[in-house]
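I have placed the structure first, in the form of structure tokens, so that the comments after it can refer back to it.
The values are calculated or read from the model by the stated rules, or taken from the named source; none is laboratory data. All figures in this text were calculated on a predicted structure; none of them were measured in a lab. Heads up, the Cβs are rebuilt from the backbone with ideal geometry, glycines too, and the neighbour counts pull from every protein chain shown. Accessible surface areas use protein heavy atoms only, side chains included; no ligands, DNA or RNA. Shrake-Rupley method; radii C 1.70, N 1.55, O 1.52, S 1.80 Å.
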Amino acid sequence: MKVSVNWVKWYSDIDLPPIDELVTKIGAQLGAVEEVIDIGAKYKGIVVAKVVSCEKHPNADKLNVCAIDDGGNTPDVNRDENGHIQVVCGAPNVREGLLVAWIPPNVVVPSTYDTSDPFTLEARELRGVVSNGMLASGKELVINEDHDGILEVDEDVAPGTPFAAVYGLDDYIIDIENKMFTHRPDCFGQLGVAREIAGILGQKFISPDWYLQSPKNTAEQAGELLPLEVRNEIPELVPRFMTVAMSGIEIKPSPLWLQSYLSRVGIRPINNVVDVTNYMMMLTAQPLHAYDYDKVKAIDSGDKAILVVRKPKSGEKLTLLNDKEIQPRDDAIMIASATRAIGLGGVMGGADTEVDENTKNIILECANFDMYSIRRTSMAHGLFTDAVTRFNKGQNALQNDRVIGKSMQMIAELAGGKIASEVSDENGEIHASAKIAVTPGFINARLGLDLGGIEISNLLKNVEFIFPQVGGDSKEASLEVTVPFWRTDIKIPEDIVEEVGRLYGYDKLPLKLPQRLMIPTQRNALLETKTRIRDILSGAGANEVLTYSFVHSNLLEKVGQNIELAFQINNALSPDLQYYRLSLTPSLLEKVHPNIKAGYSEFALFEIGRAHSIGEQDPYEPDIPKEVNALSFVYAAKNPGHGAAYFKAKHTLSHLLANFNVDHYVGFEPLKNADLYNNPWIEQMAALFEPERSAVLRDKEGMIWGVVGEYKANVRKNLKLPEYVAGFEIDPLLMFLHNKTLFQYQPLPRFPKVMQDITLKVPTELLHAELFRFVSDYLTKHKPNHVICNVASKDIYQKENDPAYKHVTFGITMASYEKTMRDEEVTTLLNGLADEAKQRLGATRV
């Protein structure tokens, strides 16, 4: 946002500090300053001169030899006996008595000032006649694009007056970063920035009367009205659409003061009508647009001009002012006649109704558009105009009548326009200014200050907040604040706090640390658990991966999951990410083949994430889907290893459970016989596993924690997996909860431990998990209280000639807190175990 310091001064009587101090103040309390441009530097040495004589050049038909009067103010230049200076000029409009801008010798031409090769004038001969400098055109002075003649000074000033002083070009442009004003639409106008500068300087700002009050039409009424019909068919996207017809327009260049203010902030002057709309936009941040009334009327071949605000028709196209033809997006805002589109609302007008040198009557539009619609339209068509920059910040519709009223007055003054219709005001819902109640105590508690009600109200009054009454200077006296209509960012008491802090100065806030207790911060136990899982699995040689929470429908179909249970994404990031995943394992399996293809013959992957399925609601928030915490692990090898792949996955899972001290609380049972309790996550996750070669992990209370095993043949085929692949998926939250409940500190015994093995011959069909649970439960029940005991599986052996039985060996480790245990004590306990196993399981001790 380019801010003109002189423009700020024009609309306020505030005392501005030196430019360096002002820039520092703006950077600290308003927005980051990207650049400061000294406009006056490029006009240094240029003065207003009067042409006192103009005669034809003796050696050139198109040149004139002029004598100019500079008031005698320019040093080191050749003068005649009358003190006049000779300048050769080829402009067709040069004449005696004309006030012009003279660039003396040794002065840089402004249009070349910022270039890599600035052009400095000198006294030189032109066809035998010496010319001291030049009489400049508007283009050379960077005022407009006119290079056909010299610029004619239209102010009554004395010769010798510095040119920059005549038009306020002894100015600085402060370029403030646009993103600092994303929530401040008013600051995209010079008026809004002027108000804020006054506020941060602690001075009171008063907006012009025409901006604060309902407009009074001061323009002359036309004798004959111009019929105008206006319809707003989409008030939800266009909250306000104001128009008026004006007749008797004389199109001509704008006054130089207006052109100079536009050009210095980067707007190209075009003609008096268009310049007024641009001037008001740069002043108030409210874009306007002018249509040629007669062109609009001619489109429909009717007896009146018609403007309709609507959405595009199917296949409709529009040629814009930049000659670009577009087919508007389906939900764009269109300004149209009765039969076809003539403008892209809030973005750019159409070429067919452009105001040009032949225009006699106009329709002036001042509207408010939905900021999100404008932003989408701008992005869809690659159109980034000054109007878009302002409309997509959310302008307030309450300023429209004020801006169009002032614009009508300026067009009447500068183009001779007369009001030729009623001011049409087609509107939807317009929100009134917000009113917020807040106390000084509320503000002080958040800023660490001790401001009274009067001091706070004065800070806010400086930027035109309204206080009907300040209830004393008590810290708890209520302040009833009426927010100015242009401050669309102020909605809640905290916004008032922020505004007071900014205007007071954040650099003045006390540098005092808040009081706090010395109690250590409580760590997030679930995050700590996940970190611990990562450490354990990484230490076991696995690699963590992070995959998208969304998957393609093809992946769900390949692994046999029910796609109807998956949430579909309406605005998917890509066609490959259409559905929420039902479990994590498919995402990991999808990465196995690419890694094997890349040359990794053996590896393990794991991921900690979440899964979702339709039909499961969060128990605490029934309106949102339930999220299942999941840990998935996959082991894969290109070449089969020793033993089944199942045992690789189970070994890793057992290692993880043991590290969380919950291995004795859970057991494994075949998947083929398991009741999954209609749990969608368990069912969809188990759908990948081969029931004959997989197991569910179930705790002593009967709750299923997950599944471990090898994958179905069709899953391996569809995903191009090697034969030697297995994995597991469990809910890590259960592991965390039970670890927290079951795990207690247990000191190590001081006495030596005793280790013995026991081998039991049992029927082949007896599950290892059932046998292990039996051994563990027996020893826990029958050991002395002062003894700790640990059971570990050591070996499973089956003779080829005896397939009905298998030999299972367990390692038993015992230690006492009271004495050194003897082998005889352990043997007695194991003998009892063997007798009980024979009686209950048909086992014999080997």
Revision key, fill the gap. Shape call for the range 374-532, from the Cα gyration tensor axes a ≥ b ≥ c (a/c under 1.5 means rounded, otherwise prolate when a/b beats b/c, else oblate), comes out oblate
**Study point:** Using θ = phi - 60° and Karplus 6.51 cos²θ - 1.76 cosθ + 1.60, couplings along the range 674-680 (whole Hz; Gly, Pro as x)
**Key:** 7, 8, 8, 6, 6, 7, x
Practice item. Whole Å is fine, so just give me how far the alpha carbon centre of the range 358-379 lies from that of the range 145-173. Key: 33 Å
Review point. How about the range 748-839: which GluC sites (Glu not before Pro) there lie in a loop by DSSP and see at most 11 other Cβ atoms within 10 Å?
Key: Glu765, Glu800
Exercise for review: Please grab the % of Cα pairs in the range 525-737 that end up more than 32 Å from each other.
Suggested key: 12 percent
**Study point:** Unit charges at the beta carbon, dipole of the range 107-224: most positive-side option, Ile176, Val153, Ala164
**Key:** Ile176
**Study point:** Using alpha carbons only: equivalent-ellipsoid semi-axes of the range 187-266, gyration tensor based, whole Å
**Key:** 31, 22, 15
Point to revise | Distance cut-off 17 Å, percentage of C-alpha pairs in the range 41-166 lying past it | key: 53 percent
Practice item. Quantify, in whole percent, the carbon and sulfur part of the accessible surface of the range 712-846 (1.4 Å probe; protein heavy atoms only). Key: 49 percent
Check your understanding: For the residue pair Met518 and Asn661, what label-to-label distance in nm results when each label sits 7 Å from Cα along the Cα-to-beta-carbon direction?
Key -> 2.9 nm
Practice item. Starting from the range 763-802, pick out the trypsin sites (Lys or Arg not before Pro) whose DSSP state is loop and whose Cβ has at most 12 other Cβ atoms within 10 Å. Key: Lys799
Study note, to complete from the structure: Rh_Kirkwood(the range 615-770) over Cα pairs, Å, one decimal, evaluates to 17.7 Å
Review point. Taking Rh as the Kirkwood radius, which is the inverse of the mean 1/r over Cα pairs, what is the Rg/Rh value for the chain?
Key: 1.20
Check your understanding: Can you give the three extents of the C-alpha atoms in the range 341-415 along their principal axes, from longest to shortest, in whole Å?
Key -> 37, 30, 18
Revision key, fill the gap. Summing -39500 (n - 2.57) over every DSSP H run of at least 4 in the chain, dividing by its residue total and rounding to the nearest 500, the 222 nm mean residue ellipticity is -8000 deg cm²/dmol
Review point. What fraction of the Cα pairs in the range 672-711, stated in percent, has a spacing above 11 angstrom?
Key: 61 percent
**Study point:** Net lengthening on full extension, Phe567/Ser214 (0.36 nm per residue, minus Cα-Cα)
**Key:** 121.8 nm
Review point. Considering the dipole of the range 690-762 built from charges on the beta carbon (Lys and Arg +1, Asp and Glu -1) around the Cα centre, which of Pro747, Ile704, Leu721 is farthest to its positive end?
Key: Pro747
Point to revise | Over the range 228-427, volume per residue of the alpha carbon convex hull, in Å³ | key: 105 Å³
Point to revise | Cα-Cα over 20 Å, subset of Lys558/Lys720; Lys650/Lys794; Lys638/Lys799; Lys2/Lys25; Lys44/Lys139; Lys558/Lys626 | key: Lys638/Lys799; Lys558/Lys626
Study note, to complete from the structure: By the C-alpha gyration tensor axes a ≥ b ≥ c (rounded if a/c is under 1.5, else prolate when a/b exceeds b/c, else oblate), the shape of the range 221-274 is oblate
**Study point:** Cα lying deepest toward the dipole's positive end in the range 1-99, options Val23, Ala41, Pro92, charges on Cβ
**Key:** Pro92
Point to revise | Gain on full stretching of the segment that runs from Leu737 to Glu544 - 0.36 nm per residue minus C-alpha separation | key: 67.2 nm
Review point. Using Cα pairs under 8 angstrom and six or more residues apart, how large is the relative contact order of the chain, in percent?
Key: 8 percent
Review point. Please state the relative contact order of the range 525-737 as a whole percent: Cα pairs under 8 Å, 6+ residues apart?
Key: 23 percent
Practice item. Measure out, as a whole number of angstrom, how far apart the alpha-carbon centroids of the range 61-117 and the range 429-499 sit. Key: 57 Å
Exercise for review: Mind putting a number on the dipole of the chain about its Cα centre? Charges go on the C-beta only, +1 for Lys and Arg and -1 for Asp and Glu, and I need it in Debye to the nearest 20.
Suggested key: 4080 debye
Exercise for review: Let me know the charge dipole size of the range 41-166 about its Cα centre in debye, to the nearest 20, where only the beta-carbon of Lys, Arg (+1) and Asp, Glu (-1) is charged.
Suggested key: 220 debye
Revision key, fill the gap. Taking the convex hull of the alpha-carbon atoms of the range 1-87 and averaging its shadow over every direction gives an area in square nanometres of 9.9 nm²
Check your understanding: Leu605: net charge of surrounding residues, Cβ under 10 Å, Lys/Arg +1, Asp/Glu -1, itself excluded?
Key -> -1
Review point. GluC sites (Glu not before Pro) within the range 220-286: which are DSSP loop residues with at most 16 other Cβ atoms inside 10 Å?
Key: Glu220, Glu224, Glu233, Glu236, Glu250
Revision key, fill the gap. Answer in debye to the nearest 20: the dipole magnitude of the range 607-718 about its Cα centre, from +1 Lys/Arg and -1 Asp/Glu charges placed on Cβ, is 740 debye
**Study point:** Angle in degrees between helix 272-284 and the longest Cα principal axis of the chain, rounded to the nearest 10
**Key:** 50 degrees
Revision key, fill the gap. Longest principal axis of the chain (C-alpha) makes with the long axis of helix 400-415 (C-alpha) an angle, in degrees to the nearest 10, of 30 degrees
Revision key, fill the gap. If each part is reduced to its alpha-carbon centroid, the range 206-262 and the range 15-50 end up apart, in Å, by 32 Å
